[in-house]
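Notes to accompany the following structure.
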Amino acid sequence: MARSEVIPHLSGIAARIVGLGAWVPPRRMTNAEVCSRLDTSDEWIRARIGVTTRHVAEPDTATSDMAVEAGLRAMKSAGVDHVDTVLLATATPDHPIPGTAPAVAHGLGLPQVPAFDVIAGCSGFIYCVNVAAGLLHAGICRTVLVVGADVMHRAVDPTDRITAPIFGDGAGAVVLTAGRPGDPGTLGPVAWGSDGARVAPLCIPGGGFRRTGTGSADAEADRFLRMDGKEVFRHAVRRMCEAVRDAAAAAGWAVEDVDRLVVHQANARISATVADTLGVPPERVPSNIGEVGNTSTASIPLLLAHAAGTGDLIPGHRVAVAAFGAGFTWAASTLVWPDDVEALS
């Protein structure tokens, strides 16, 4: 089976992170609250998933609202009040039509800039960053805001023991400008791919337009995420490990050169297995799933902000980022952490 597609730098331009912002809703949902409606326990959730608490949005807070909060913080971190383009990675758009990114741009006070959504599951943020890199490389844009935001707790059946304990809500964002490949803060080559033959193991069957003219499309159960945990686990580990190896090699790194492995916070056991398979020591693998759960497209920027804020990620660290999501999709890249970016949350 083919490995990830690796996109090298085609010129002396790479996308550079100059701002980083994060936001999670104030309300915390503890395991005790989850367990009150499910046949499970705090001990089981901690052991099998790694989550202790997660943040959930209030009913009047949408994906776009969270994206605006994270975007404002990223722009403040970058010291800018304008960007040329807004890209939004999300699995939970405000509406099927239109896209949510234009609403985010409007909320940021940028009502006429180009703005569009990228739907690539939990890999969406890295996908968006790669799209932004292409825009910068082509000279179409000088600054791009990339946001990952999801209200995932609304996508799961609150009575489903498999999915309900996993997910939380949140948003993270970066401001990107053109930089020179290899400079601190610039993204290295991206290894990414998809396997559309495996849609069913991680899917919300209803709400789209594949099923039309039948009542089944509106069935209550079809509104929620369905997940084959074993299948997702197996493919997530395999694909993220492959992608990290490929991205590191394309950057001229050995995996053992990686100081911090930033893995999408899908499940603590998945992250640990990826690190173990790659031979990366646990102390080099930041984690915040215990506090925020699986936040889907927001996971990578939230974890970067968390690690930078706690001092676990410091200037000069060689960082590999990797994600896997519905589709199936996967992506990985590299960067050297810069000394001039303050994470704002």
*Those residues that are acidic (Asp, Glu) and farther than 24 Å from residue 77 by Cβ, I need them from the stretch 275-326; list them, please.*
276, 283
*asked:* Could you go through the stretch 255-267 and let me know if any residue there is assigned to a helix (DSSP H, G or I), more than 21 Å from residue 170 (Cα to Cα), under 16 Å from the mean Cα position of the chain (by Cα) and modelled with pLDDT of 95 or more.
replied: no
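Tell me, yes or no, whether the stretch 85-96 has at least one residue that is crowded, with 16+ Cβ neighbours inside 10 Å, charged (D, E, K, R) and more than 17 Å from the chain's Cα centre (by Cα). If you could, list the steps in order and put the result at the bottom.
Here is the first cut: in the stretch 85-96, the ones crowded, with 16+ Cβ neighbours inside 10 Å are 85-94.
Adding the requirement that they be charged (D, E, K, R) leaves 94.
Keeping just the survivors that are more than 17 Å from the chain's Cα centre (by Cα) gives 94.
Yes; the residues of the stretch 85-96 include at least one that is crowded, with 16+ Cβ neighbours inside 10 Å, charged (D, E, K, R) and more than 17 Å from the chain's Cα centre (by Cα).
Please verify whether residue 52 is modelled with pLDDT of 95 or more, polar (S, T, N, Q), crowded, with 20+ Cβ neighbours inside 10 Å and within 21 Å of the chain's Cα centre (by Cα), treating the condition exactly as stated.
Taking the combined requirement at face value, the residue does not satisfy it.
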*Could you give every pair whose Cβ atoms fall below 6 Å, whose first residue belongs to the stretch 118-134 and is more than 15 Å from residue 175 (Cβ to Cβ), and whose second residue is outside any helix (DSSP H, G or I) and among the aromatic types (Phe, Trp, Tyr), counting only separations of at least 6 or pairs across chains?*
123/330
_Please pick out the residue among 219, 272 that is within 19 Å of residue 96 (Cα to Cα) and surrounded by fewer than 20 Cβ atoms within 10 Å (Cβ to Cβ)._
219
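Yes or no, residue by residue, for (1) out of contact with any Asp or Glu (no Cβ under 9 Å at 6 or more places or on another chain); (2) modelled with pLDDT of 95 or more:
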site: 148; (1), (2): yes, yes
site: 166; (1), (2): yes, yes
site: 197; (1), (2): yes, no
site: 218; (1), (2): yes, no
site: 235; (1), (2): no, yes
site: 239; (1), (2): no, yes
*Conditions (1) within 18 Å of the chain's Cα centre (by Cα); (2) β-branched (Val, Ile, Thr); (3) under 23 Å from residue 29 (Cα atoms): number failed by residue 310*: (1)
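The values are calculated or read from the model by the stated rules, or taken from the named source; none is laboratory data. On a predicted model such as this, the values are computed, not experimentally measured, just so you know. Every residue, glycine among them, receives a Cβ derived from its backbone with ideal geometry; neighbour counts consider all protein chains shown.
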